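Just below is one structure, and these are the notes that go with it.
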2 protein chains.
Amino acid sequence: MGRHTLEYPKTGDNTVRRHNERASYALETIHRLINSSQIVNVAFTNPESPFPVVLPMIGQMGSFDRPSADIGDPLDLYIHGYVSARMFNVTRTAEKKEEGQTEEEKKGLPVTISASHVDALILATSGFNHSYNYRSVVLFGYATLVEDEEEKKYALELITNGLVPERWQKTRQPPTKAEMTSTSVLKVRITSGSAKIRDGGVLDDKHDLQNEEAQNSVWTGVLPIYSTVGEPIPTSYNKVEVPSNVSDFVKDYNAENKEYALTAAKK
Amino acid sequence: MGRHTLEYPKTGDNTVRRHNERASYALETIHRLINSSQIVNVAFTNPESPFPVVLPMIGQMGSFDRPSADIGDPLDLYIHGYVSARMFNVTRTAEKKEEGQTEEEKKGLPVTISASHVDALILATSGFNHSYNYRSVVLFGYATLVEDEEEKKYALELITNGLVPERWQKTRQPPTKAEMTSTSVLKVRITSGSAKIRDGGVLDDKHDLQNEEAQNSVWTGVLPIYSTVGEPIPTSYNKVEVPSNVSDFVKDYNAENKEYALTAAKK
């Protein structure tokens with residue numbers, strides 16, 4: 001429809017250097033990958049240790065200010081999970097813009113968000129040409145604690161519906177006061193990002209293709225890999241039929257994941 | 001057999017603070033989780049940016065000095081993947097122990113390794129009690145480039161057989177000189193680590209269990225999730241039957257992953 005495809009600007013952080021033909025900077029590609037990742041890794045520097053902190057969290061892209069925004073529009077990342085004491089303090093301080101803070105600190109906690117899907121094992125003639133079909137994504141941005149009650153509700157609905165569509169509306173409502181105050185949500189203002197995608201089949205070297213002994217003894221091919229959701233297992237006290245949003249989710253999830261892996265393998 | 005279960009010492013880096021009943025420090029648990037992760041995330045600090053670098057790589061635990069070591073013994077992590085220019089320089093410098101380096105720098109590049117499996121979505125009465133069954137793992141250590149030819153071969157065999165058992169022996173042998181020189185392997189000397197595992201079913205609050213209206217309208221239960229390998233897809237030029245190590249791998253992988261998710265859901 002003549003719409004522009006937005007891309008993240010290339011910086012020292014996000015530029016893909018090796019196999020850059022596999023890189024994508026398109027917001028839509030990157031945001032979809034984040035939204036389809038059940039876990040995102042949140043990494044940040046720890047001033048008290050040489051090792052960065054890396055925490056598994058749950059995240060979805062969204063815009064509280066413009067909830068109707070498209071997946072390919074500039075969006076924030078809302079994440080939920082264990083907010084460590086240090087993370088909590090840094091992001092709170094950033095919100096409060098205390099005196100003596102540097103400009104950098106005022107923006108929030110610098111975080112690197114990453115996620116990957118493995119779509120196939122690629123078994124080549126030589127061990128050195130083995131590979132994966134994969135989709136990996138990385139985002140860079142500044143995390144702050146969401147303190148506005150309405151924005152927090154928006155984010156929790158977004159994140160819950162990211163697990164199973166419409167799930168938020170179908171749970172006990174409204175949230176209790178205790179639930180709202182005991183739950184922390186972080187908002188990451190994205191500065192850049194990139195995706196890297198490998199699809200297709202085996203890429204063998206010419207000398208291996210011409211090596212009769214090798215071709216007569218080594219099986220070469222692709223083992224597609226996809227995530228599967230099994231039959232829903234109700235609690236012992238559940239009184240409700242599996243609702244259509246759950247059964248549709250299971251069906252769609254399984255079909256989409258399998259089809260993606262098989263299509264990617266044959267590209 | 002009276003053998004001790006080795007545990008990583010608790011430090012400021014690896015101690016699990018929230019839900020510490022889910023934590024494990026056992027080397028065996030942690031090493032098995034790493035070995036069953038098709039991708040590990042390698043994070044390290046970037047002195048030129050506020051954002052840590054995070055790269056997806058392939059890794060396996062092993063011991064070149066004591067190849068017969070058990071999975072629960074102290075082991076190194078060998079990783080393969082794109083070694084960025086900075087990583088390469090830092091790890092090379094560390095190997096060479098140049099003058100003017102700090103003690104810290106001599107140990108290698110401090111890296112945080114992480115990986116996670118999602119085993120189920122836990123759908124509770126309240127959105128706030130939703131959860132995952134998951135297994136996540138984190139390791140801390142110092143990475144150096146493997147320069148010894150024999151150790152590099154050991155590591156590449158270990159990593160290739162981590163994808164599919166016996167695969168290294170069943171590919172074209174021996175590696176060419178060009179393959180060996182163009183491939184980088186890093187060895188991470190582990191200093192500490194921990195795992196965090198959630199299994200079981202829905203944990204609802206008492207007030208939600210007693211809320212008749214909620215119990216009459218909200219479906220509660222577990223959606224198990226597991227990774228599946230599809231039918232092997234041979235290359236157009238493949239001349240070999242699917243070998244038993246590949247077909248056994250597909251069968252075992254699918255059975256083990258599904259069984260783990262279903263058993264964990266019912267704990």
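Of all residues in the range A:144-171, exactly one satisfies the criterion of being among the polar types (S, T, N, Q) and in a loop (DSSP other than H, G, I, E, B), namely A:T171. Can you find a residue that is at pLDDT below 95 and within 12 Å of chain B (Cβ to nearest Cβ) anywhere in the range A:95-103? There is at least one residue in the range A:95-103 that is at pLDDT below 95 and within 12 Å of chain B (Cβ to nearest Cβ).
Could you please let me know if A:T228 is among the β-branched types (V, I, T), surrounded by fewer than 21 Cβ atoms within 10 Å (Cβ to Cβ), within 25 Å of the chain's Cα centre (by Cα) and at pLDDT below 95? So A:T228 fails the test.
If I filter the range B:172-193 for residues that are in a loop (DSSP other than H, G, I, E, B), open to solvent by less than 10 Å² (accessible area, probe 1.4 Å) and of a type outside the set (A, V, I, L, M), do I get at least one hit? No, the range B:172-193 contains no residue that is in a loop (DSSP other than H, G, I, E, B), open to solvent by less than 10 Å² (accessible area, probe 1.4 Å) and of a type outside the set (A, V, I, L, M). Would you mind telling me which numbered condition in (1) within 9 Å of chain A (Cβ to nearest Cβ); (2) under 26 Å from the mean Cα position of the chain (by Cα) B:K187 fails? Of (1) within 9 Å of chain A (Cβ to nearest Cβ); (2) under 26 Å from the mean Cα position of the chain (by Cα), only one is false for B:K187: (1).
Checking each residue in the range B:231-267 for being more than 19 Å from B:L163 (Cβ to Cβ), at pLDDT 95 or above and assigned to a loop (DSSP other than H, G, I, E, B) picks out B:S236, B:Y237, B:K239, B:E241.
Give the range B:221-236 a look and list any residue that's at the interface with chain A (Cβ under 7 Å from one of its Cβ atoms) and under 16 Å from A:I122 (Cβ atoms), or say none.
So the first thing to find is which residues in the range B:221-236 are at the interface with chain A (Cβ under 7 Å from one of its Cβ atoms), and the list is B:221-230, B:232-235.
Once the filter is applied, which keeps residues that are at the interface with chain A (Cβ under 7 Å from one of its Cβ atoms) and under 16 Å from A:I122 (Cβ atoms), the range B:221-236 yields B:V229, B:G230, B:P232, B:I233, B:P234, B:T235.
For the range A:57-80, a residue qualifies if it is open to solvent by 30 Å² or more (accessible area, probe 1.4 Å), at pLDDT 95 or above and within 12 Å of another protein chain (Cβ to nearest Cβ), and exactly one does: A:I58.
If you go through the range B:16-29 one residue at a time, do you hit one that is among the basic types (K, R) and at the interface with chain A (Cβ under 10 Å from one of its Cβ atoms)?
The initial filter retains those residues of the range B:16-29 that are among the basic types (K, R), namely B:17-18, B:22.
Applying the additional criterion that residues be at the interface with chain A (Cβ under 10 Å from one of its Cβ atoms) yields B:17-18.
The answer is yes, given that some residue of the range B:16-29 is among the basic types (K, R) and at the interface with chain A (Cβ under 10 Å from one of its Cβ atoms).
For the condition open to solvent by 10 Å² or more (accessible area, probe 1.4 Å) and touching a helix residue (DSSP H, G or I) at 6+ places or on another chain (Cβ under 7 Å), B:S236 does not qualify.
For the range A:199-215, the count of residues that are part of a strand (DSSP E or B) and at pLDDT 95 or above is zero. Here A:A265 meets each of (1) at the interface with chain B (Cβ under 9 Å from one of its Cβ atoms); (2) open to solvent by 30 Å² or more (accessible area, probe 1.4 Å) with one exception, condition (2). Residue pairs whose Cβ atoms lie under 8 Å apart, separated by 6 or more positions or on different chains, with the first residue in the range B:240-255 and farther than 15 Å from B:G230 by Cα and the second of a type in the set (S, T, N, Q) and open to solvent by 60 Å² or more (accessible area, probe 1.4 Å), are B:V240/A:N216; B:V240/A:S217.
Scanning the range B:28-50 for residues that are touching a Pro at 6+ places or on another chain (Cβ under 9 Å) and open to solvent by 10 Å² or more (accessible area, probe 1.4 Å) yields B:I39, B:N41, B:T45, B:N46, B:S49, B:P50.
In the range A:106-125, the residues that are within 7 Å of chain B (Cβ to nearest Cβ) and without any contact (Cβ under 8 Å) to a residue 12 or more places away in the chain never reach a residue that is surrounded by fewer than 22 Cβ atoms within 10 Å (Cβ to Cβ) and not in a loop (DSSP other than H, G, I, E, B) with C-beta atoms less than 6 angstrom apart, at least six apart or across chains. One residue is enough: does the range A:239-256 have a residue meeting the conditions over 27 Å from A:G62 (Cα atoms) and in contact with a Ser or Thr (Cβ under 8 Å, 6 or more places away or on another chain)? Scanning the range A:239-256, I find at least one residue that is over 27 Å from A:G62 (Cα atoms) and in contact with a Ser or Thr (Cβ under 8 Å, 6 or more places away or on another chain), so the answer is yes.
Please verify whether A:V218 is in contact with a helix residue (DSSP H, G or I) (Cβ under 7 Å, 6 or more places away or on another chain), part of a loop (DSSP other than H, G, I, E, B) and at the interface with chain B (Cβ under 8 Å from one of its Cβ atoms), treating the condition exactly as stated. Give the steps one after another, and end with the answer.
Numbers: in contact with a helix residue (DSSP H, G or I) (Cβ under 7 Å, 6 or more places away or on another chain): yes; part of a loop (DSSP other than H, G, I, E, B): yes; at the interface with chain B (Cβ under 8 Å from one of its Cβ atoms): yes.
Judged against the criteria, A:V218 is a match.
Residues in the range A:151-160 that are surrounded by fewer than 20 Cβ atoms within 10 Å (Cβ to Cβ) and in contact (Cβ under 8 Å) with a residue 60 or more places away in the chain: 2 in all. Residues that are more than 7 Å from chain B (Cβ to nearest Cβ) and β-branched (V, I, T) were ranked within the range A:36-52; the one that is farthest from A:F140 (Cα to Cα) is A:V40.
Residues of the range B:192-215 being within 28 Å of B:A255 (Cα to Cα), in contact with a Ser or Thr (Cβ under 9 Å, 6 or more places away or on another chain) and more than 7 Å from every other protein chain (Cβ to nearest Cβ), which ones? Steps first, please.
Kept after step one, since they are within 28 Å of B:A255 (Cα to Cα), are these residues of the range B:192-215: B:194-203.
Filter once more, so that each one left must be in contact with a Ser or Thr (Cβ under 9 Å, 6 or more places away or on another chain): B:194-199, B:201-203.
Listed by number, the residues that qualify are B:S194, B:A195, B:K196, B:I197, B:R198, B:D199, B:L203.
Taking the range A:126-142 as the range and being assigned to a helix (DSSP H, G or I) and either without any contact (Cβ under 8 Å) to a residue 60 or more places away in the chain or out of contact with any helix residue (DSSP H, G or I) (no Cβ under 9 Å at 6 or more places or on another chain) (or both) as the test, the residues that pass are A:G127, A:F128. For B:N245, work out the one condition from (1) facing chain A (nearest Cβ under 7 Å); (2) open to solvent by less than 30 Å² (accessible area, probe 1.4 Å); (3) among the polar types (S, T, N, Q) it doesn't fulfil. Here B:N245 meets the rest and fails (1).
The values are calculated or read from the model by the stated rules, or taken from the named source; none is laboratory data. Since this is a predicted model, take the numbers as computed values, not measurements. Cβ coordinates were reconstructed from backbone atoms using ideal geometry, including for glycine residues, and neighbour counts include every protein chain displayed. Protein only, heavy atoms only, side chains kept; ligands, DNA and RNA dropped before computing areas. Shrake-Rupley method; radii C 1.70, N 1.55, O 1.52, S 1.80 Å.
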